1. Can you tell me which of (1) touching a Cys at 6+ places or on another chain (Cβ under 9 Å); (2) within 7 Å of chain B (Cβ to nearest Cβ); (3) farther than 23 Å from B:A133 by Cβ is the one A:G132 doesn't meet?
2. Can you say whether B:A124 is of a type in the set (G, A, S) and either facing chain A (nearest Cβ under 7 Å) or surrounded by fewer than 15 Cβ atoms within 10 Å (Cβ to Cβ) (or both), as far as the supplied structure shows?
3. Can we say B:A133 is more than 7 Å from chain A (Cβ to nearest Cβ), more than 29 Å from A:I190 (Cβ to Cβ) and of a type in the set (A, V, I, L, M)?
4. Which numbered condition trips up B:V118, out of (1) without any contact (Cβ under 8 Å) to a residue 40 or more places away in the chain; (2) facing chain A (nearest Cβ under 7 Å)?
5. Please go through segment B:73-104 and give me each residue that is closer than 17 Å to A:I85 by Cα and either within 20 Å of the chain's Cα centre (by Cα) or among the aliphatic types (A, V, I, L, M) (or both), ordered by number.
6. Return the residue satisfying two criteria in turn: it lies in segment B:38-72 and is more than 10 Å from chain A (Cβ to nearest Cβ) and in a helix (DSSP H, G or I), and of such residues it is nearest to the chain's Cα centre (by Cα).
Amino acid sequence: MVTVAVTPDVREEDGEGGRLLPPTVKELFVGFFVLGVTGFGGVLPLAREALVVRRRWMSDSEFLDLLGLCQLLPGGNIINLAFAIGMHFRGVGGAIAAFAGLLAVPSGIVILLGAAYAQVRHDPLVQHMMAGLAAAAAGLLFAMTLQLGAQLMRDVRALMVVVAAFVAIALVRFPLLPTVVILLGLSILITARRRA
Amino acid sequence: MKASPWALFMLFGQLSLLSFGGGNSVLPEMQRQIVSVHHWLTAQEFSALFALAQAAPGPNLMIVVLLGWHLGGLPGALVSTLAMFGPSGALVMFALGQWKRHHHRPWHAHLRKAILPVTVGLLAATAGVIGSAVAVSPGAIAITVIAFVVLALRKASPLLVLAGGACLGAIFQA
């Protein structure tokens with residue numbers, strides 16, 4: 001990722017502005033709590049800024065390293081990151097504190113939104129607004145797909161896996177578990193074969 | 001109360017370890033189970049809750065908390081959240097030690113390379129499933145296309161685009 005080059009990790013060399021003490025369980029909760037509050041429209045860039053630059057819990061390369069693991073494994077990236085960073089510093093207790101902190105405010109807000117919507121959902125204006133909101137949210141998903149898929153554009157075999165996943169899930173509505181098992185196996189084979 | 005805590009636990013627990021690529025990849029299966037298998041919601045209701053969750057701050061998949069609350073009250077919300085994030089979180093904690101020791105091994109890069117096309121395909125499927133569920137009128141389709149173009153050109157933040165979509169929906173009665 002570009003961030004490594006743009007923000008070289010200088011703190012490890014100069015002792016002055018160096019790393020602070022490892023965060024306590026409470027600090028982990030508070031740190032991720034603040035991320036949850038402020039993370040409107042994408043928490044990831046914010047997480048790097050808060051954890052690496054502002055709180056100095058870890059270096060950029062450590063952050064990217066943990067993020068790599070979180071992106072590889074199933075689960076939301078930021079939620080996985082909370083588990084990983086909490087675990088890294090304070091074990092299971094730290095992981096649970098970071099996770100609970102991250103979800104506290106967003107959970108409350110989403111339930112409030114849901115309760116408000118349940119009250120007014122038969123209002124025609126609200127229905128039109130929700131239809132527009134949902135349509136825009138779908139556009140967001142298409143844009144995310146394009147952004148993530150752009151790096152595969154020249155890779156015909158990878159694109160075949162993409163198309164197969166789309167057909168199986170969106171068109172055939174095949175169950176997810178067998179689809180993921182088969183396609184992941186296929187994709188690993190293709191990748192390994194190209195190496196050999 | 002439409003769904004028992006146990007039914008929600010089973011549903012989201014199954015999805016947890018399948019949520020490759022940041023979580024959105026399980027939305028079609030979530031929708032299939034909730035709409036077609038259990039008949040707890042219609043496809044339109046599911047899309048509306050998805051849109052609400054997208055408009056809220058925080059990580060992806062806040063829709064899980066909202067669905068749990070909507071289908072099973074506060075116990076439903078708690079159980080759904082734990083079932084969705086517990087197994088994947090436990091896997092992260094378990095894998096962390098191994099990762100720190102072996103993360104420079106080449107097979108990690110290859111595994112990541114192999115997962116990417118699956119993730120992109122599942123995300124495309126998510127966009128297709130949600131997109132067709134919300135395409136209830138020509139106006140709604142137009143809003144999806146406009147939102148896509150604006151975001152693909154990176155001309156506005158996602159939150160602004162969502163707000164714009166809601167306004168356009170109200171004005172043009174999508």
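1. Of (1) touching a Cys at 6+ places or on another chain (Cβ under 9 Å); (2) within 7 Å of chain B (Cβ to nearest Cβ); (3) farther than 23 Å from B:A133 by Cβ, only one is false for A:G132: (3).
2. On the way: of a type in the set (G, A, S): yes; either facing chain A (nearest Cβ under 7 Å) or surrounded by fewer than 15 Cβ atoms within 10 Å (Cβ to Cβ) (or both): yes.
Judged against the criteria, B:A124 is a match.
3. Details: more than 7 Å from chain A (Cβ to nearest Cβ): yes; more than 29 Å from A:I190 (Cβ to Cβ): yes; of a type in the set (A, V, I, L, M): yes.
Criteria met by B:A133.
4. (1)
5. So in segment B:73-104, the residues closer than 17 Å to A:I85 by Cα come out as B:85-101, B:103.
Across segment B:73-104, the qualifying residues are B:F85, B:G86, B:P87, B:S88, B:G89, B:A90, B:L91, B:V92, B:M93, B:A95, B:L96.
6. Going through segment B:38-72, the residues more than 10 Å from chain A (Cβ to nearest Cβ) turn out to be B:38-43, B:71-72.
Restricting the remaining residues to those that are in a helix (DSSP H, G or I) gives B:43, B:71-72.
Values: B:A43: 14, B:L71: 17, B:G72: 19 Å.
The residue in question is B:A43.
A quick yes/no check of all residues on (1) part of a helix (DSSP H, G or I); (2) over 21 Å from B:L111 (Cβ atoms); (3) at pLDDT 85 or above; (4) away from chain B (no Cβ under 11 Å):
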residue: A:V52; (1), (2), (3), (4): yes, yes, yes, yes
residue: A:E62; (1), (2), (3), (4): yes, no, no, no
residue: A:P74; (1), (2), (3), (4): no, no, yes, no
residue: A:I79; (1), (2), (3), (4): yes, no, yes, no
residue: A:A82; (1), (2), (3), (4): yes, yes, yes, no
residue: A:I85; (1), (2), (3), (4): yes, yes, yes, no
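Let's see how each residue does on (1) within 21 Å of B:I143 (Cα to Cα); (2) buried (at least 18 other Cβ atoms within 10 Å of the Cβ); (3) more than 7 Å from chain B (Cβ to nearest Cβ):
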residue: A:G108; (1), (2), (3): no, no, yes
residue: A:L112; (1), (2), (3): no, no, yes
residue: A:V126; (1), (2), (3): yes, yes, yes
residue: A:A137; (1), (2), (3): yes, yes, no
residue: A:V156; (1), (2), (3): no, no, yes
residue: A:T179; (1), (2), (3): no, yes, yes
residue: A:I188; (1), (2), (3): no, no, no
residue: A:T191; (1), (2), (3): no, yes, no
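The values are calculated or read from the model by the stated rules, or taken from the named source; none is laboratory data. Quick caveat: nothing in here was measured; it's all calculated off a predicted structure. Positions of Cβ are backbone-derived with ideal geometry, glycine not excepted, and every protein chain shown enters the neighbour counts.
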